[in-house]
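S.K.: Take this structure, written in structure tokens, and hold onto it; I'll ask about it next.
FYI, it's all coordinate maths here, none of it is from the lab. All values reported here derive from a predicted model rather than from experimental measurement. Cβ sites come from the backbone with ideal geometry, for glycine too, and all protein chains shown count toward neighbours.
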Amino acid sequence: MSFYTEQRLAKLRPRASQMFLPTLVLGLVSAVMSAFAGRLTEQWQQLTLWVVCGALAFLFWLLPLLRYLSTFIEVTTTRVIVRSGLMGQHRKEISLSKIRDVEIGKGRVINLILDGQEVVEVKGVPRHKLVALEIDRLAASI
């Protein structure tokens with residue numbers, strides 16, 4: 001009796017350029033914080049500055065960072081796993097035997113066409129043409 005073990009071939013995160021705007025916002029919030037921190041005279045003004053800058057950093061940098069770190073595509077010898085969401089709560093597992101065709105869409109999108117004409121879009125993958133070619137090659141070999 002032989003058991004076929006699944007091996008991970010690639011685990012890819014989205015392009016790091018998605019974090020450019022959140023990092024820019026963090027830099028601007030830090031610059032505003034450092035410029036006005038010692039110049040405000042009233043205590044409520046200092047507290048308001050800290051709260052507003054903290055809220056902006058949380059909403060526009062930390063949440064996108066957590067979303068970026070928990071999003072990935074994993075290609076194994078038997079399936080493709082796509083995880084996304086704030087804490088990776090959206091998970092799609094696609095068996096390579098169900099993939100009928102792989103297409104490259106506009107804007108670095110890989111369209112995985114399944115047997116039942118269902119289309120799964122994978123967005124923002126680095127080297128998307130190479131990844132699509134490898135998924136297509138693996139699906140054809142099964």
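S.K.: Taking springs between alpha-carbon atoms closer than 10 angstrom, which of G85, G124, G38 fluctuates most in the Gaussian network model of the chain?
M.R.: Among G85, G124, G38, the largest GNM mean-square fluctuation belongs to G38.
S.K.: Quick check for you: which residues of the range 71-98 have the amide N under 18 Å from the point 7 Å beyond the Cα of I113 toward its beta carbon?
M.R.: Residues 95-98 fall inside that zone.
S.K.: Roughly what would the spin-label model give for L86 and A140, points 7 Å off Cα along C-beta, in nm?
M.R.: Each label point lies 7 Å from its Cα, and together they span 4.2 nm.
S.K.: Relative contact order of the range 46-142: what whole-number percent is it, with Cα pairs under 8 angstrom and at least 6 residues apart?
M.R.: Relative contact order for the range 46-142 comes out at 18 percent.
S.K.: What FRET efficiency, computed as 1/(1 + (r/R0)^6) with R0 = 35 Å and r the Cβ-Cβ distance, is obtained for E6 and L65, rounded to the nearest 0.05?
M.R.: The formula returns an efficiency of 0.70 here.
S.K.: Gaussian network model of the chain, Cα springs within a sub-10 Å range: biggest mean-square fluctuation belongs to which of S97, S84, S70?
M.R.: S97
S.K.: Taking the Cβ of V122 as the centre, find all other residues whose Cβ is under 10 Å away and add up their charges (Lys, Arg: +1; Asp, Glu: -1).
M.R.: +2
S.K.: Give me the extension gain from D101 to L28: residue separation times 0.36 nm, minus the current Cα-Cα distance, reported in nm with one decimal.
M.R.: The span from D101 to L28 would gain 21.8 nm if fully extended.
S.K.: Measuring from centroid to centroid over Cα atoms, what is the spacing of the range 58-78 and the range 90-107 in Å?
M.R.: Answer, in whole Å: 18.
S.K.: Let me ask you something else. What percentage of all Cα-Cα pairs in the range 16-68 are separated by more than 12 Å?
M.R.: 63
S.K.: Right, next: Here are some values of log10 I(q)/I(0) by the Debye sum over Cα atoms at q = 0.10, 0.12, 0.22 Å⁻¹: (i) -0.32, -0.47, -1.59; (ii) -0.49, -0.61, -1.28; (iii) -0.36, -0.50, -1.33. Which one was computed from this structure?
M.R.: (ii)
S.K.: Given the DSSP H assignment, sum -39500 (n - 2.57) over each helix run of at least 4 residues in the chain and divide by its residue total; what's the result at 222 nm in deg cm²/dmol, nearest 500?
M.R.: -12000 deg cm²/dmol
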